[in-house]
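The values are calculated or read from the model by the stated rules, or taken from the named source; none is laboratory data. Just so it is clear, the model here is predicted, and its values are computed rather than measured. Here the Cβ is made from the backbone with ideal geometry for all residues, glycine too, and neighbour counts use every protein chain on show. These accessible areas exclude ligands, DNA and RNA; they are computed on the full protein's heavy atoms, side chains included. Shrake-Rupley method; radii C 1.70, N 1.55, O 1.52, S 1.80 Å.
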Amino acid sequence: MSAATTDVAIVGGGLIGAWTAFFLARRGQRVTLIEKGVVGAQSSGVNFGNLRLQGRYPAQYPLSLRAQALWEELEALIGEDCEFEQTGHLYLAYHEEESGKLEGYAKVSESYGLNIERVGPAELRRRWPWLGERTVAATFSARDATANPRLVTPAVARAALARGVEVRENMRVDEVARQGEGFLLTMADGSRLSCGSLVNCAGAWALEIAERFGETAPVFPAGPPQFVTEPVPYQIEPSVQAIDGSVIFRQIPRGNIILAGYPRTAADPVMNRAPVPPGKTLAAMRALARVAPMLAHCHVIRVWSGIEAYLPDMIPVIGPSLTQPGLFHAFGFCGHGFQIGPGVGLCLSEMILDGATPTPLDAFSIGRFQGEATISEKFRKEFD
């Protein structure tokens, strides 16, 4: 069977893959996006939907701010708004030590040009009277936003499709091999695809490609437990997060509360399962009630999760392979990938077509994990 040809093959139909395909197609490339299931079915479609700027890893700010500018033009870019709302993000501290940590985050954010507002106890109660007494300080970033993760990736994929991208769903890549200056991919159905450049954004399955070319990283699959309550009267506009990681929640205009539970749950990428133990739901609701006592008696109506890839330093791998010209990695987004997704896709398109991107990404090189293919027990236990 002769192989079909494309300029760029992208393995992984999550948000990173869809945005990369979109930006490459916008510059005239022939692109094939390959997804073993359906587009946006894993972490890209089941996450909390937060577009948070404050509190990020410092080296990620240039990428994060570039991505936010794209989110703010989402409807103009792809023709759909996907419930994008610039609601702001309220970061909460429960005691003096946490207040100091908030201040440290705020200073880093401000050093990159983000406007951060400090809010003391009296102002907190006046502006957000639903907050419980436990909160002693907060920072507020008005530019932070939210979007609906169930809608975004399919919408970006549709926009890419309209620009000529071939989207192959329910198609598993069985083999990847070097072919001349490019690559040859063999699919589970026996079909083959020849490409000049290959993008590996296969999430928790990304090592299946990286290790074929002598590269690895200590990836650990986990699921972010998510919950939604029955609708209650709307009054919580910003997304709200406790700096101790115990809870993050937001209210959508129709009244439902969406919240994420921590720590995350171990997932099984072989069986394609990310179950949420009942205890996670109860713990998440107790944490929610401590922040907003009026929500203590809300009923949870749905629980879900998906599979995403984590790394011990909690920052992703983004950039070119160090062993194979033409291969690019973007995986291990550790729960941060939704916000930076469009920025990553744009940067990858620049690296592929221009040989470089103006956004500094050296901190995310796969080279930082040379010789670190295993997960420490301490890190693994955080997901039990």
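Packing-based ranking of 229-237, 155-163 yields 155-163, 229-237, ordered from highest to lowest mean Cβ neighbour count within 10 Å.
As a length-normalised measure over Cα pairs under 8 Å and 6 or more apart, the relative contact order of the chain settles at 24 percent. Of the GluC sites (Glu not before Pro) found in the range 93-163, the ones in coil according to DSSP and having at most 11 other Cβ atoms within 10 Å of their Cβ are 133. Any chance you could check the Cα centroid distance between the range 66-140 and the range 311-351 for me, in angstrom? For the range 66-140 versus the range 311-351, the Cα centre distance is 25 Å. When shorter helices are ignored and each DSSP H run of at least 4 residues is given -39500 (n - 2.57), the per-residue value for the chain at 222 nm works out to -8500 deg cm²/dmol. Restricting attention to the chain, close to 70% of DSSP beta bridges with both partner residues there are antiparallel.
Pairs of lysines in the chain whose Cα atoms sit within less than 30 Å of one another amount to 8, provided the residues are eight or more positions apart or on different chains.
Computed over protein heavy atoms with a 1.4 Å probe, the accessible surface of the chain works out to 40 Å² per residue. Of the peptides 22-28, 73-79, the ranking by mean beta-carbon count within 10 Å, highest at the top, reads 22-28, 73-79. Among the protein heavy atoms of the range 182-280, carbon and sulfur supply 55% of the accessible surface, probe 1.4 Å, non-protein parts ignored. Distances between placed amide hydrogens fall under 5 Å for residue 327 paired with 198, 321, all partners being 5 or more residues away or on another chain. Within the shell defined by Cβ-Cβ distances under 11 Å, the residues around residue 32 carry a net charge of -1, with Lys and Arg each +1 and Asp and Glu each -1. Find, among the trypsin sites (Lys or Arg not before Pro) in the range 246-277, those assigned to loop by DSSP (not H, G, I, E, B) with at most 14 other beta-carbon atoms within 10 angstrom. The qualifying sites are 254.
In sequence order, the range 136-146 has phi-based couplings of 10, 6, 7, 10, 10, 10, 6, 7, 4, 8, 9 Hz under the Karplus curve 6.51 cos²θ - 1.76 cosθ + 1.60, θ = phi - 60°, and Gly or Pro positions carry x. When 36, 107, 280, 101 are compared by accessible area at a 1.4 angstrom probe, the order from most to least is 107, 101, 36, 280.
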